[in-house]
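The structure under discussion appears below in the form of structure tokens.
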Amino acid sequence: MTATPATRRTIAAFCLKMFSVIFARSPIQPFVLKHLLLLTLLAVATHTFAQDGRLPLDPKNSISYTDSGQPKLSKSELHQKVRKWVENKFGNAENAITSDDTQAGIILITSYIPVIHSNYQYVRFDLGVHYRDNLYEARITTLDGISPEHSPVRLSSKENDNITAKEQIIKTESNRKKRKEAETDLQNAKADNDGINTTLYNLLADLKSYINSATRE
């Protein structure tokens, strides 16, 4: 039997809670636990995407996560549903929504979301939702890695360039020990990027699930 999106989200939330307890108590190295949790989240992900360790880029080489839907809702109804989703997801729509143009049918959202990453605890993102009768399009851009240890770091195509550079090192490294270290380094870098991918694609999937479930009410 295939699990429903709601069931998968419940499982993911439970796993996140359990692994948080493990992180706090276990002597196992944090990066090992990080990868265990990432694998669990990938297994119950609500959105399918290529797990190649690279962040999605638009034609201008900027990070861009996109999704769309065709719910049977009017423009006005979609506006209300998106605002309600923001309120449910982030606690306060007024703080998260930076622009709400009902005439143009565009809502812009800036907020934070937890992420499984070796350097960041959260990602700050911009999410734009463009809507009209029976159609919406959502796009996440402008990512910043957030950590209490240092200032926010703007994420960009350099995250993918880093993967490519590490792959090249493995191809040219002849020393077995150094090659093994390079392979581990590459795996960790890919896991970090895939952790971001999983979080943000699931955020878009959550928006779609909320709108579609509301359509059936």
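The values are calculated or read from the model by the stated rules, or taken from the named source; none is laboratory data. Given the structure is predicted, the values throughout are model-derived calculations rather than measurements. Counting neighbours? That spans all protein chains shown, and the Cβs are built from the backbone with ideal geometry, glycine included.
Do the conditions hold for D206, that is, is it surrounded by fewer than 18 Cβ atoms within 10 Å (Cβ to Cβ), in contact (Cβ under 8 Å) with a residue 12 or more places away in the chain and part of a helix (DSSP H, G or I)?
Values: surrounded by fewer than 18 Cβ atoms within 10 Å (Cβ to Cβ): yes; in contact (Cβ under 8 Å) with a residue 12 or more places away in the chain: yes; part of a helix (DSSP H, G or I): yes.
Against the criterion (surrounded by fewer than 18 Cβ atoms within 10 Å (Cβ to Cβ), in contact (Cβ under 8 Å) with a residue 12 or more places away in the chain and part of a helix (DSSP H, G or I)), D206 qualifies.
Confirm whether Y131 is buried (at least 20 other Cβ atoms within 10 Å of the Cβ), out of contact with any Ser or Thr (no Cβ under 9 Å at 6 or more places or on another chain) and without any contact (Cβ under 8 Å) to a residue 60 or more places away in the chain.
yes
Taking the residues in the stretch 63-88 that are buried (at least 17 other Cβ atoms within 10 Å of the Cβ) and of a type in the set (D, E, K, R) as candidates, determine which candidate is farthest from T142 (Cα to Cα).
E77
So which residues in the stretch 116-126 are touching a residue at least 60 places away in the same chain (Cβ under 8 Å) and buried (at least 20 other Cβ atoms within 10 Å of the Cβ), if there are any at all? It would help to see each step written out before you state the result.
So in the stretch 116-126, the residues touching a residue at least 60 places away in the same chain (Cβ under 8 Å) come out as 116-119, 123, 125.
Listed by number, the residues that qualify are I116, H117, V123, F125.
Suppose we keep only residues that are among the aliphatic types (A, V, I, L, M) and touching a Gly at 6+ places or on another chain (Cβ under 7 Å) within the stretch 139-157. Which one would you say is surrounded by the fewest Cβ atoms within 10 Å (Cβ to Cβ)? Spell out the reasoning first.
Of all residues in the stretch 139-157, those among the aliphatic types (A, V, I, L, M) come to 140, 143, 146, 153, 155.
Now restrict to residues that are touching a Gly at 6+ places or on another chain (Cβ under 7 Å): 153, 155.
On the way: V153: 13, L155: 19.
Going through the qualifying residues, I end up with V153.
Cβ-Cβ distance below 8 Å, separation of 6 or more or different chains: which pairs start in the stretch 144-155 with a residue that is touching a residue at least 40 places away in the same chain (Cβ under 8 Å) and over 20 Å from S64 (Cβ atoms) and end on one that is assigned to a strand (DSSP E or B) and of a type in the set (A, V, I, L, M)?
none
In the stretch 175-217, how many are more than 19 Å from P114 (Cα to Cα) and hydrophobic (A, V, I, L, M, F, W, C)?
Here the count works out to 4.
Please specify each residue of the stretch 32-75 satisfying the condition of being at pLDDT 95 or above and either part of a helix (DSSP H, G or I) or of a type in the set (D, E) (or both).
Answer for the stretch 32-75, where residues must be at pLDDT 95 or above and either part of a helix (DSSP H, G or I) or of a type in the set (D, E) (or both): D58, D67, K75.
Restricting attention to the stretch 97-105, does a residue exist that is at pLDDT 95 or above, β-branched (V, I, T), crowded, with 17+ Cβ neighbours inside 10 Å and out of contact with any Lys or Arg (no Cβ under 9 Å at 6 or more places or on another chain)?
No, the conditions are met nowhere in the stretch 97-105.
Filter the stretch 131-151 for residues that are in contact with a Phe, Trp or Tyr (Cβ under 9 Å, 6 or more places away or on another chain) and of a type outside the set (V, I, T); which is modelled with the lowest pLDDT?
Here the residue is S147.
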